[in-house]
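A single structure is presented below for examination.
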């Protein structure tokens, strides 16, 4: 075993342990750790030929697949940072990310590359599938040919744990999405920590049902990689496919967000008739699971020996807390205690640690605290601050993450999620800022002004609602055109469930649209 | 209305245009789940639409990527339940 400094160190160890071990199952094909090693080396060599230098950003814009996994490892070997772009994203969101972090080279599905505006990608695109149209990128390379070439990089570059490993795009309470710059150290520490408390081993068969651009989805890959387990890629989350995937592959571990459990519970009858004997654990993240669904999961899964973990994490620090399965009766608002090697502080408005029972902001310190937001100094300063409990002699040394999430800690040290004070919308496990939805709506020709907000729903967290005012000459019938525009230009979870029209949107004293007032007025409609 | 694969396809195509693709017409054989056109939650909403529109019941086991693989396969499911 080598010391674990980088993502590709984790791969090297697993190859050494068992090169013939199955690393990835994608559809009907199994790929070994040996193949992962060879193909990521070949792609690393091709990235070098395409001019990718250490520190460059490499975009991955494809459905979850073997190639997407190899792409991350190839970028890591090259000392570049991979940027997993949500495959649900449409042209405007991809253009934003490509511009924001200056993506040099992209590895993508041809069908997706075809949908991008010409000029979005000025450099090389490695495509999977039939060749995309020529304007899709500066130059085009067939990914399958590269992966099968057997090439290896001529020179290997030293990559250190303090190098940028990946940028995870996420939304906050305001503005457009921000890229959380995550170091190799953050990635490796996350894999060590999570695989420790989930007790992952080489024998595990983990079902990857979450997207790889999401921290918890990436974490399933990195933990599997670290212990040499098998990761089964599951694209369809339809109830029939989920239950079939779990059974067919003898899945031992599954992490999901609340809507996934609602889909799994549709197979309750099947699980009652034939319990999931192999399933060692499930873990929830990305929002509070409705208590009724948690109770139902316990009833169906616990008798067969499945353990239920409730986890909490924020992309800015990868993962933060978990509730051990023995404590799950504490209920779905409990987020447990700090993950290993991590300290969670609850800080009040005066910057002091809260007393038990007192509500304060969750503050995370530990090795998964990311480097900051890419290219956003002001936002970085707000979220990544100095450690409030550091001794004065070390005051300006360590950075911790202020989460914006309000929690309280009970006498026994268990943390409970209370909520947020800002306008961030949590929907289907995704974070969304109202401005993102508003900017998408205003992009439609009929809209003059737009206001978006979240309306609470037990199943998905929040539904997105919007109120718009229309340009002259437009009438109520424009709503259909607006909806069509939004559906075409944004991912499904960004599409408002309701779009209301109002002649004029009310403003606050400072002249901003009165989101709070509109939200109160329209939430119950 | 007599429901066959022909008019079921038309209805489903219309629903997809309105709720999923934003005006783009989806070819009857395009792979919906495999290519990420349709998310799981959207598929569940499509099922609710179909149950309402065609008066059918779709079992949860039928909610899988073969049956919901393309407009053609979904229309065949509808026709088999109404025929």
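The values are calculated or read from the model by the stated rules, or taken from the named source; none is laboratory data. For clarity, every value in this text was computed on a predicted model and none was experimentally measured. Here Cβ is always computed from backbone atoms with ideal geometry, including for glycine, and neighbour counts include all displayed protein chains.
Can you name the residue in the range B:14-28 that is at pLDDT 90 or above and in contact with a helix residue (DSSP H, G or I) (Cβ under 6 Å, 6 or more places away or on another chain) and is also surrounded by the most Cβ atoms within 10 Å (Cβ to Cβ) among such residues?
B:15
From (1) surrounded by 20 or more Cβ atoms within 10 Å (Cβ to Cβ); (2) modelled with pLDDT under 95; (3) outside the structural domain of residue A:120 (by TED's automatic domain parsing), pick out the condition that doesn't hold for residue A:175.
Of the numbered conditions (1) surrounded by 20 or more Cβ atoms within 10 Å (Cβ to Cβ); (2) modelled with pLDDT under 95; (3) outside the structural domain of residue A:120 (by TED's automatic domain parsing), the odd one out for residue A:175 is (1).
Given (1) closer than 29 Å to residue B:61 by Cα; (2) out of contact with any helix residue (DSSP H, G or I) (no Cβ under 6 Å at 6 or more places or on another chain), identify the lone condition not met by residue A:199.
The single condition residue A:199 does not satisfy is (1).
When residues of the range A:456-487 are filtered for being in a helix (DSSP H, G or I) and more than 13 Å from chain B (Cβ to nearest Cβ), how many remain?
1
Pick from the range B:34-53 the residues that are facing chain A (nearest Cβ under 7 Å) and in contact with a helix residue (DSSP H, G or I) (Cβ under 7 Å, 6 or more places away or on another chain): which of them is nearest to residue A:111 (Cα to Cα)?
So the residue we want is B:35.
Would you say residue A:208 is modelled with pLDDT of 95 or more and at negative phi?
Yes; evaluated as a whole, the condition is true for this residue.
Any residue that is more than 30 Å from residue A:438 (Cβ to Cβ) and more than 14 Å from every other protein chain (Cβ to nearest Cβ) - is there at least one of those in the range A:85-105?
yes
Sticking with this structure for a sec: What residue, of A:64, A:54, is under 19 Å from residue A:127 (Cα atoms) and outside any helix (DSSP H, G or I)?
A:64
Residue by residue, here is whether (1) surrounded by fewer than 16 Cβ atoms within 10 Å (Cβ to Cβ); (2) in contact (Cβ under 8 Å) with a residue 12 or more places away in the chain; (3) assigned by TED's automatic domain parsing to the domain that holds residue A:470; (4) not in a strand (DSSP E or B) holds:
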site	(1), (2), (3), (4)
A:356	yes, yes, no, yes
A:363	no, yes, no, no
A:397	yes, no, no, yes
A:407	no, yes, no, no
A:441	no, yes, yes, yes
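Any residue that is within 14 Å of chain B (Cβ to nearest Cβ) and touching a residue at least 12 places away in the same chain (Cβ under 8 Å) - is there at least one of those in the range A:448-455?
Checking the range A:448-455: not a single residue is within 14 Å of chain B (Cβ to nearest Cβ) and touching a residue at least 12 places away in the same chain (Cβ under 8 Å).
Tell me whether the range A:198-208 contains one or more residues that are touching a residue at least 24 places away in the same chain (Cβ under 8 Å) and in a helix (DSSP H, G or I).
Within the range A:198-208, none of the residues are touching a residue at least 24 places away in the same chain (Cβ under 8 Å) and in a helix (DSSP H, G or I).
Another one. Does residue A:182 satisfy being in contact with a helix residue (DSSP H, G or I) (Cβ under 9 Å, 6 or more places away or on another chain) and not in a strand (DSSP E or B)?
No: the conditions fail for residue A:182.
Still on this structure: Quick check, is residue B:44 modelled with pLDDT under 95 and either closer than 23 Å to residue A:258 by Cα or touching a strand residue (DSSP E or B) at 6+ places or on another chain (Cβ under 7 Å) (or both)?
So residue B:44 fits the description; yes.
Which numbered condition trips up residue A:161, out of (1) modelled with pLDDT under 95; (2) over 23 Å from residue A:42 (Cβ atoms); (3) in a loop (DSSP other than H, G, I, E, B)?
(1)
Same structure again: What's the total number of residues in the range A:299-312 that are touching a helix residue (DSSP H, G or I) at 6+ places or on another chain (Cβ under 6 Å) and part of a loop (DSSP other than H, G, I, E, B)?
0
When the residues of the range B:20-33 are narrowed to those that are under 12 Å from the mean Cα position of the chain (by Cα) and within 7 Å of another protein chain (Cβ to nearest Cβ), which ends up nearest to residue B:46 (Cα to Cα)?
Restricting to residues being under 12 Å from the mean Cα position of the chain (by Cα) and within 7 Å of another protein chain (Cβ to nearest Cβ), the top hit is B:20.
Across the range B:54-73, what is the number of residues that are part of a helix (DSSP H, G or I) and either within 7 Å of chain A (Cβ to nearest Cβ) or over 12 Å from the mean Cα position of the chain (by Cα) (or both)?
3
Sticking with this structure for a sec: So which of A:85, A:69 is under 23 Å from the mean Cα position of the chain (by Cα) and closer than 25 Å to residue A:488 by Cβ?
A:85
Moving on to the next point. In the range A:113-127, what residues are in a strand (DSSP E or B) and crowded, with 23+ Cβ neighbours inside 10 Å?
The answer is A:125, A:126, A:127.
Is it the case that the range A:48-59 has a residue that's under 16 Å from residue A:113 (Cα atoms) and at pLDDT 95 or above?
Yes; the residues of the range A:48-59 include at least one that is under 16 Å from residue A:113 (Cα atoms) and at pLDDT 95 or above.
Moving on to the next point. Return the residues of the range B:74-83 that are within 13 Å of chain A (Cβ to nearest Cβ) and over 16 Å from residue A:241 (Cα atoms); say none if nothing qualifies.
Passing the criteria: only B:77.
Go through (1) over 30 Å from residue A:374 (Cα atoms); (2) surrounded by 20 or more Cβ atoms within 10 Å (Cβ to Cβ); (3) touching a helix residue (DSSP H, G or I) at 6+ places or on another chain (Cβ under 6 Å) and name the single condition residue A:270 misses.
(2)
Let me ask another. Can you tell me which of B:3, B:56 is within 30 Å of residue A:261 (Cβ to Cβ) and in contact with a helix residue (DSSP H, G or I) (Cβ under 7 Å, 6 or more places away or on another chain)?
Answer to the check: B:56.
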